[in-house]
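First up is the structure itself, then whatever we jot down about it.
No lab work stands behind these numbers, since they all come straight from the coordinates. Just so we're clear, the structure is a prediction, and the values are computed from it rather than from any experiment. Virtual Cβ from ideal backbone geometry, glycine too; neighbours counted across all protein chains shown.
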Ligand code: FBP
């Protein structure tokens, strides 16, 4: 990639050449990218900026919020509420939807986000990130939580930003997956990969192994066979990686393949899983599918799940197609 193509230029060309993205959506993506830059700088400061540690408040999921969860959430709200491209926003860190105040023009899009994913890694200098999903508000006056409850296959844009050794923004508007790296000197995101592809096969799985005794039979069978390696039914050795930040684990899979599993488990048997459908599983699932991979709950494609509530949880299997399909087959055989 010789010429340095900025995110703005990439989006303008996508809009001009393919007419793939309407002007308002392009603006929205540029605003989200600007917010990512601000959050990246704040995360990067760490203890020097006094931003590490807990915030003494809980979110609707009953999780203790981190200071950076709240800071990142506020940066995204402030950046996006006045631009005229949004009707409302929803976040992991907000109980209900945030409707754009009447003092600003109401737009046609709905933005959902996990403002800081990988909370357990924030204070220990391990990669964290931001995940977002964009949908169109259904016709009709006003906006409500019901307008957000659309299946993932209705997304018009999705992406994540990893705040790690590099700050990397990865996104799709339904025409493949592109990656941009923040050039801190220029202060702009530069295109560093296009048409990212996830290989169909892999020898690397990502799961929190400490939960093994709580898994259901299909997951136990799948991981067991991977661990048996060459001597086992898979006839090949598997490696394991688990960062504990979904953005970092999924970024590795988009970069070199792999399969990510966060299944239902008996610890909270009344919940379908830990990860949230609207602003974790849907955007990551669409990115992986746009890169030739697959995303499943074990029983159906994640993108076909009809949501019933904003902070709904779901079982997640995503990555290299043949592995995700094998896990789904084990569920159908169970
Ligand atoms: P949040 O940090 O946004 O709550 O996300 C959940 C998450 O941290 C994912 O990023 C990650 O994949 C998973 O939970 C890690 O879970 P565990 O701590 O059980 O390994």
Of the residues in the range 11-50 that are over 23 Å from the mean Cα position of the chain (by Cα) and closer than 30 Å to residue 122 by Cβ, the one that is surrounded by the most Cβ atoms within 10 Å (Cβ to Cβ) is 49
Within the range 225-242, which residues are closer than 17 Å to residue 334 by Cβ and surrounded by fewer than 15 Cβ atoms within 10 Å (Cβ to Cβ)?
233
Restrict the check to the range 220-242 and report whether at least one residue is in contact (Cβ under 8 Å) with a residue 40 or more places away in the chain, within 13 Å of the ligand (Cβ to nearest atom) and under 30 Å from residue 167 (Cβ atoms).
no
On the given criteria, is residue 107 assigned to a loop (DSSP other than H, G, I, E, B), in contact (Cβ under 8 Å) with a residue 40 or more places away in the chain, more than 16 Å from the ligand (Cβ to nearest atom) and out of contact with any helix residue (DSSP H, G or I) (no Cβ under 7 Å at 6 or more places or on another chain)?
no
Restricting attention to the range 255-277, which residues are in contact with a helix residue (DSSP H, G or I) (Cβ under 7 Å, 6 or more places away or on another chain) and either more than 8 Å from the ligand (Cβ to nearest atom) or under 17 Å from residue 290 (Cβ atoms) (or both)?
258, 259, 260, 261, 263, 265, 266, 267
Scanning the range 256-275 for residues that are out of contact with any strand residue (DSSP E or B) (no Cβ under 6 Å at 6 or more places or on another chain) and surrounded by 19 or more Cβ atoms within 10 Å (Cβ to Cβ) gives 257, 263, 264, 265
Complete set of residues in the range 110-134 that are more than 8 Å from the ligand (Cβ to nearest atom) and in a loop (DSSP other than H, G, I, E, B):
125, 126, 127
For the range 170-186, pairs from a residue that is farther than 20 Å from residue 284 by Cα to a residue that is surrounded by 15 or more Cβ atoms within 10 Å (Cβ to Cβ), with Cβ under 6 Å and 6 or more apart or across chains, are 182/167; 182/189; 183/190
Any strands (runs of 3 or more DSSP E) falling wholly within the range 151-214 and containing at least 1 residues that are over 17 Å from the mean Cα position of the chain (by Cα) and more than 30 Å from residue 270 (Cβ to Cβ):
177-183, 188-193, 204-206
